[in-house]
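Colleague: First the structure, then my questions, so here it is.
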Amino acid sequence: MHELSIIHQVGAYIISTHSEAELQQIEAFEMHLGQLSNIHPDLLQNAYLAYQETHPIFNKILLKTTLIPTEIYCNQCHQTTQVEHYKFQCKFCLTPSQNIVKGNELTIHKIIFKDLL
Amino acid sequence: MIKQFHHLRTSKNTRGSINCDNSSFHLLQANDFVAEAIHKKMSAEKILVVNLTSSPGSGKTSLLQATGTLLKDKFHIKVLVGDLETERDADRLKESGVDALQITTSGVCHLEAQMIWQAIEKMDLKGTDILFIENVGNLVCPSSFDLGEDFRVTLIASTEGDDKPKKYPKMFLTSELVLVTKTDLLPYVPFKLEHLEQDVKDINAETEIIALSSLSGINLEVWMHWLEERVLFKKNQ
Ligand SMILES: Nc1nc2c(ncn2[C@@H]2O[C@H](COP(=O)(O)OP(=O)(O)O)[C@@H](O)[C@H]2O)c(=O)[nH]1
Ligand SMILES: [Mg+2]
Ligand SMILES: [Zn+2]
């Protein structure tokens, strides 16, 4: 629901960490969105469209998103398993676990630059 | 008897940011940084901080009114109440004798740590035992924002249906206590406490559940006891 404010923060971060010349060379950036981040990829893309309107430097920069499923680590059998149907228990030994190793991501994972030939 | 808690927040690691590799920049890092500062400040002053979350209308303000009345001779309570607009909830709380400060978010659907920090800077917290934060009514966004609280308590009214936890897993995953409210209405609504319990336990086997009613007073003493134990624990830390 706060996709627009998230994209504003992302934009501000990218601008603040790159020079004007570097910004021109960015082809895309990739965001990792954990299943538990409450950020919807389509809504994020829509928010990015709105952001591009007011920040034309991003017009040629693509936003890529990758959804990260939730995974928990089991302290009993030391395995990492994917959470299905929001049942937070180990698939092997059925022990409940809130030890989340993946799924909370809300990150700029990668900034991809144009190939400089 | 004071129960021994190993740590106050059992599900701390599931809130806000997680450790990420160097190439990643976590967008909630700024919030988490302020949340940590709030937590430190409140711990130094030995004030228990409880963040109440729920959908709009689940009974957060009513519960705080009842809590304030019941605990007024025992503890000094302050409330920070977040809403998109109006000061109605703070007014309601003040009428019940509870010291409340309204935070209007001007449309933002959740409270952020920075808003809490600014508010507590203005408050005289001397002698306060419990600071309640009534979050904006919303089961989605507030789940991602750590406010530096010791405990997150999520309310779900019997009129909302018993199938909600798995629809809003992150909120229930990050709550130490679930309060089923408006249980005086249970005879009139299709709500099975066992269904809700199963859903909550699937998500977080450690979450406690108390079914109560602010209107009739059912089980309010269980909630009072839950609070008292934690206030004393915080004081003795
Ligand atoms: N029947 C019943 N109604 C309640 C109870 N607690 C709150 N309400 C009513 O539910 C409505 C919403 O309550 P409120 O405290 O404003 O909810 P909030 O939006 O979560 O702060 C109000 O009309 C209350 O009078 C309760 O225990 N039983
Ligand atoms: Mg309210
Ligand atoms: Zn296991």
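Bear in mind that the values in this text are calculations on the coordinates, not laboratory data. Source: prediction; values computed, not measured. Quick reminder, even Gly has a Cβ in these numbers, built from the backbone with ideal geometry, and neighbours come from all protein chains shown.
Colleague: Please compute, for peptide B:165-175, the average count of beta-carbon atoms on other protein chains lying within 10 Å of each residue's beta-carbon.
Modeller: Average neighbour count from other chains, rounded to a whole number: 4.
Colleague: Moving on. Please grab the % of Cα pairs in chain B that end up more than 26 Å from each other.
Modeller: Value for chain B: 34 percent of Cα pairs lie more than 26 Å apart.
Colleague: Additional query: What is the distance in Å between the Cα centroid of the range B:157-235 and that of the range A:62-111?
Modeller: What the calculation gives is 26 Å, centre to centre.
Colleague: Within a 10 angstrom radius of the beta carbon, how do A:Val101, B:Val153 rank from fewest other beta carbons to most?
Modeller: Exposure proxy ranking, most exposed first: A:Val101, B:Val153.
Colleague: Run lengths n ≥ 4 of DSSP H only: what is the helix-derived mean residue ellipticity at 222 nm for chain B, with -39500 (n - 2.57) per run over all residues, to the nearest 500?
Modeller: -10000 deg cm²/dmol
Colleague: Relative to the longest principal axis of chain A, what angle (0 to 90°, nearest 10) does the C-alpha long axis of helix A:3-17 take?
Modeller: Its long axis makes an angle of about 60 degrees.
Colleague: Now for a different question. Looking at the calculated P(r) for chain A, what percent of the C-alpha pair distances fall above 19 Å?
Modeller: Counting pairs separated by more than 19 Å, the tail of P(r) holds 54 percent.
Colleague: Need one value for A:23-35: mean number of C-beta atoms belonging to other chains within 10 Å of its residues' C-beta atoms.
Modeller: 1
Colleague: Which order results if A:Phe92, B:Phe233 are arranged by neighbouring Cβ count within 10 Å, fewest first?
Modeller: Listing A:Phe92, B:Phe233 from fewest to most nearby Cβ atoms yields A:Phe92, B:Phe233.
Colleague: Excluding A:Gln25 itself, what net charge comes from residues whose Cβ is under 11 Å from its Cβ, given Lys and Arg +1 and Asp and Glu -1?
Modeller: -2
Colleague: Another question about this same structure. Place the peptides B:107-114, B:205-212 in order of packing, highest mean first, counting for every residue the other Cβ atoms within 10 Å and averaging per peptide.
Modeller: Details: B:107-114: 19.2, B:205-212: 16.6.
Taking the mean over residues of other Cβ atoms within 10 Å, the ranking is B:107-114, B:205-212.
Colleague: Here's something else I'd like to know. Gaussian network model of chain B, Cα springs within a sub-10 Å range: biggest mean-square fluctuation belongs to which of B:Leu71, B:Leu173, B:Leu63?
Modeller: The residue that fluctuates most here is B:Leu71.
Colleague: Show me the ranking of peptides B:89-97, B:135-143, B:223-231 by mean Cβ neighbours inside 10 Å, starting with the highest.
Modeller: Descending mean neighbour count gives B:135-143, B:223-231, B:89-97.
Colleague: What does DSSP give for chain A in terms of the percent of beta bridges that are antiparallel, rounded to the nearest 5?
Modeller: DSSP beta bridges in chain A are roughly 65 percent antiparallel.
Colleague: Let me ask something additional. Tell me, B:Val189, B:Val79 in order of fewest to most beta-carbon neighbours within 10 Å?
Modeller: Sorted ascending by nearby Cβ count, the order is B:Val189, B:Val79.
Colleague: Any of B:Lys164/B:Lys201; B:Lys78/B:Lys164; B:Lys41/B:Lys234; B:Lys166/B:Lys192; A:Lys91/B:Lys201; B:Lys126/B:Lys235 with alpha carbons more than 19 Å apart? Name them for me.
Modeller: B:Lys78/B:Lys164
Colleague: Within a Cβ distance under 13 Å of B:Asp199, other residues only, what is the Lys/Arg minus Asp/Glu net charge? Intermediate results must be reported in sequence, preceding the final value.
Modeller: Working: positive: A:Lys87, B:Lys164, B:Lys166, B:Lys167, B:Lys192, B:Lys201; negative: B:Glu160, B:Asp162, B:Asp163, B:Glu194, B:Glu197, B:Asp202.
Net charge in that neighbourhood comes out at 0.
Colleague: Right, something else. Where does the charge balance sit around B:Ile210 when Lys and Arg score +1, Asp and Glu -1, over other residues with C-beta under 12 Å from its C-beta? Mind dumping the intermediate values first?
Modeller: Details: positive: none; negative: B:Glu176, B:Glu197, B:Glu208, B:Glu221.
Residues near B:Ile210 contribute -4 overall.
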